[in-house]
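A short worksheet on the structure shown next.
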C-alpha cells in the first residue's frame with residue numbers, strides 16, 4: 001500500500017530509527033554498550049540515582065539486558081545497588097561513576113539540554129504534546145489488533 005499516509009508513516013518510522021541510531025552512535029563514541037548508556041543516562045537524568053524499576057520502565061529493553069548492564073557497571077565500580085523500599089533497589093553512581101559519567105553521558109545530556117535551549121517554549125511544549133498524543137493513540141489502536 002503506497003498512499004500519502006504511508007509515506008508519512010515511513011518518515012515517522014525512519015526518524016525514530018535515526019534517533020535510536022544517534023544514541024547508538026553516542027554509546028559507541030563513549031566505548032560502551034547501548035544498555036550501559038541507557039542505565040547511566042537514567043542515573044544522570046535522576047540526579048545520580050534512581051530505582052531499578054525506573055530504569056526498567058524508561059527504556060524498551062528487557063530486564064535481562066538491563067540486569068546484565070547493571071552487573072557489568074557494578075563490577076566496574078561505576079554503580080552500586082542498595083535496598084530501598086521493600087524489594088525495590090536503588091541504583092546509584094559511585095564516586096568513580098560520577099567521574100566516569102561526567103566525561104561521557106553527562107556530555108550527551110548537556111548536548112540535548114543545549115539543543116532545547118535553541119527551541120522556544122512553545123516548540124518544546126508542542127513537540128512533547130504531539131509525541132505523547134501519537135504514543136497514546138498508537139497504544140489505543142494496538143489494543144484493537
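Values quoted throughout were computed directly from the atomic coordinates according to the rules given, and no laboratory measurement underlies them. These figures come from a predicted structure and were not determined experimentally. In this analysis, Cβ positions are derived from the backbone assuming ideal geometry, glycine residues included, and neighbour counts consider all displayed protein chains.
Springs join every pair of Cα atoms under 10 Å in this Gaussian network model of the chain, and among 120, 131, 51 the largest mean-square fluctuation is at 131. Taken as Cα centroids, region 95-145 and region 37-56 sit 14 Å apart, rounded to the nearest whole angstrom. Relative to the longest principal axis of the Cα atoms of the chain, helix 34-45 runs at roughly 80 degrees. Once volume of the Cα convex hull per residue in Å³ is worked out from the coordinates, which option in [x] 117; [y] 139; [z] 162 does it equal? After the calculation, the listed value that fits is [z]. Label-to-label distance for residue 143 and residue 124 is 3.2 nm, based on points extended 7 Å past Cα in the beta-carbon direction.
Peptides 71-79, 14-22, 56-64 ranked from most to least packed by the mean count of surrounding Cβ atoms within 10 Å: 71-79, 56-64, 14-22. Calculated mean residue ellipticity, 222 nm, the chain: -23000 deg cm²/dmol, from DSSP H runs (n ≥ 4) at -39500 (n - 2.57) each, averaged per residue and rounded to 500. Note on residue 9 and residue 99: the model spin-label points, each 7 Å out from Cα along the C-beta direction, lie 5.2 nm apart. For the chain, the longest principal axis of the Cα atoms and the long axis of helix 121-143 meet at an angle of about 80 degrees.
Pairs of Cα atoms under 8 Å, at least six residues apart: use those to get the relative contact order of region 12-139, whole percent.
22
Rounded to the nearest 10 degrees, the angle from helix 105-116 to the longest Cα principal axis of the chain is 30 degrees.
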